[in-house]
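First comes the structure, then the notes that go with it.
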């Protein structure tokens, strides 16, 4: 498997957090319902409002128009790391997550999770879709704070690796077997449609309860294999795209349709004025049907005039798995009708580790002491002109070989980011003047390079002891396989009955 990069964030101890007061107090402790939708391998570019030349996303465009947008929201370059950071408010490697397989995707059991924090504040919690933080029973989401779970296993539907990370055997994007509250059910339909339907059914059931709710809806689409309902791929095939790219774009279009369903139901149920809706992706874009390293040079197809069509990535360098901006920058739309300004951009760098403290502040919840390293974004949401001290964000190559010494990889392929600069290895880019990373300015700013290298080395030394999965042996069994086979033999796999919406 190719080597990719894990984004990590490090807040320097000498940078003080901004005080939360004034206008920000209006949102603190207001206890809204919370819906977080996170797509897989979607990235920043495939949204109509982001200038994509082919994809039509009318519902995401509506969400864009009605949201406050963080235009420099950064995550990890691959799946499990971003999920671990989102769940804990701290760097993925500090949760033991240094890979997406080989037991190194397991989020340490010592971490307190976002749903656990919200449950302490009286929230009902549910997740739908992709977990990818451990398939062994103690690591599963129903053991980590979620009241309701409707998930697939492994890193994707149908995936299996020589370790514990694996989905139910022979699973498919169409009519998949899903683990619902610990038991397998057989569904009918396309996976993304099913996850949204299940989430809407649960919202409908709890919406009139006194307790607020938290929904974490993490689609496995548009991750490969690039399969989408035929009605979502036809237009792209007619435009001249190859099968894989049409499948990727078709999955994005299908996600957009489901976002429309979600927003329509929330509006019909009169929930938009007391529900925060957040949309993001887990890492940079997969470039259609191309491989990560060669995609920029591979045509996706030819248009009617015979011209090559290449991946659109909003002018950024890098795709999924890259230490560059294109590998880690994603959409981050925050909508809360009547409470959050619509149509506003915030250009301060923010990241996945900021989600837990942000939502905890809105919920009036106390975050776990000594764990959270992110910042609440509530002050910026209320006043984008507030004084916001700078900080460093770190990218490091994970996915080193099994049983390798991580210290041997400390200074191999890494990046450091603050508001103005991105350091990639020894190359320095001024992201404000050169967002496409075309000019190395390290020679003009050696002091910046030195400071970033020093900060990175300090971060590594603090983080290294927390990489708790490095010596874990690969599991001889695949829990989802074992549980599926056992249930099938003893009680069978019942059909899942979709909720009436």
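The values are calculated or read from the model by the stated rules, or taken from the named source; none is laboratory data. Just so it is clear, the model here is predicted, and its values are computed rather than measured. FYI the Cβ positions are ideal-geometry reconstructions off the backbone, even for glycines, and counts take in every protein chain you see.
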Task: Residue check for residue 90: under 18 Å from residue 378 (Cα atoms) and in a loop (DSSP other than H, G, I, E, B) - done: yes
Open item on the list: Tell me whether the stretch 457-464 contains one or more residues that are farther than 27 Å from residue 108 by Cβ, part of a helix (DSSP H, G or I), at pLDDT 95 or above and out of contact with any helix residue (DSSP H, G or I) (no Cβ under 8 Å at 6 or more places or on another chain).
Closed with: no
- [ ] Please tell me if residue 311 is within 16 Å of residue 240 (Cβ to Cβ), at pLDDT 55 or above and assigned to a loop (DSSP other than H, G, I, E, B).
- [x] yes
Open item on the list: Looking only at the stretch 38-56, count every residue that is in contact with a helix residue (DSSP H, G or I) (Cβ under 7 Å, 6 or more places away or on another chain), closer than 23 Å to residue 352 by Cβ and crowded, with 18+ Cβ neighbours inside 10 Å and tell me the total.
Closed with: 6
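Tell me, which strands (runs of 3 or more DSSP E) lie completely within the stretch 350-438 with 2 or more residues that are touching a strand residue (DSSP E or B) at 6+ places or on another chain (Cβ under 6 Å) and within 20 Å of residue 466 (Cβ to Cβ)? Write out each step before concluding.
Values: elements: 392-397, 414-417, 421-424, 427-430.
The qualifying strands (runs of 3 or more DSSP E) are 392-397, 414-417.
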- [ ] Of all residues in the stretch 155-166, count the ones that are under 18 Å from the mean Cα position of the chain (by Cα) and closer than 21 Å to residue 88 by Cβ.
- [x] 1
Task: Residue among 426, 387 that is more than 25 Å from the chain's Cα centre (by Cα) and either closer than 21 Å to residue 461 by Cα or surrounded by 15 or more Cβ atoms within 10 Å (Cβ to Cβ) (or both) - done: 426
- [ ] Select, from 333, 279, the only residue that is modelled with pLDDT of 90 or more, buried (at least 24 other Cβ atoms within 10 Å of the Cβ) and in contact with a strand residue (DSSP E or B) (Cβ under 8 Å, 6 or more places away or on another chain).
- [x] 279
Task: Selection within the stretch 11-52 - assigned to a loop (DSSP other than H, G, I, E, B), over 19 Å from the mean Cα position of the chain (by Cα) and at pLDDT 90 or above - done: 27, 28, 29, 30, 31, 32, 51, 52
Task: Residue that is surrounded by the most Cβ atoms within 10 Å (Cβ to Cβ) [pool: residues in the stretch 57-82 that are in contact with a helix residue (DSSP H, G or I) (Cβ under 6 Å, 6 or more places away or on another chain) and assigned to a loop (DSSP other than H, G, I, E, B)] - done: 76
TODO: Quick one: which residue in 413, 451 is more than 30 Å from residue 137 (Cβ to Cβ) and over 27 Å from the mean Cα position of the chain (by Cα)?
DONE: 451
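When you check residue 248 against the structure, is it within 30 Å of residue 120 (Cβ to Cβ), in contact with a helix residue (DSSP H, G or I) (Cβ under 9 Å, 6 or more places away or on another chain) and part of a helix (DSSP H, G or I), yes or no? Can you show your working first?
Numbers: within 30 Å of residue 120 (Cβ to Cβ): no; in contact with a helix residue (DSSP H, G or I) (Cβ under 9 Å, 6 or more places away or on another chain): yes; part of a helix (DSSP H, G or I): yes.
Spelling it out, it is not the case that residue 248 is within 30 Å of residue 120 (Cβ to Cβ), in contact with a helix residue (DSSP H, G or I) (Cβ under 9 Å, 6 or more places away or on another chain) and part of a helix (DSSP H, G or I).
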Task: Conditions (1) more than 22 Å from the chain's Cα centre (by Cα); (2) surrounded by 23 or more Cβ atoms within 10 Å (Cβ to Cβ); (3) touching a residue at least 24 places away in the same chain (Cβ under 8 Å): number failed by residue 233 - done: (3)
TODO: Considering (1) modelled with pLDDT under 95; (2) assigned to a loop (DSSP other than H, G, I, E, B); (3) in contact with a strand residue (DSSP E or B) (Cβ under 7 Å, 6 or more places away or on another chain), say which one residue 316 fails and leave the rest.
DONE: (1)
- [ ] Looking for whichever is closer than 24 Å to residue 87 by Cα and modelled with pLDDT of 95 or more here; the options are 286, 358. Which one fits?
- [x] 358
Task: Only listed residue being touching a residue at least 12 places away in the same chain (Cβ under 8 Å) and within 25 Å of residue 286 (Cβ to Cβ), chosen from 217, 200 - done: 217
Task: Which numbered condition residue 141 misses (of (1) surrounded by fewer than 18 Cβ atoms within 10 Å (Cβ to Cβ); (2) free of Cβ contacts under 8 Å to residues at least 60 places away in the same chain) - done: (1)
- [ ] Please go through the stretch 336-349 and pick out each residue that is surrounded by fewer than 22 Cβ atoms within 10 Å (Cβ to Cβ), over 13 Å from residue 377 (Cα atoms) and in contact with a strand residue (DSSP E or B) (Cβ under 6 Å, 6 or more places away or on another chain).
- [x] 341, 344, 345
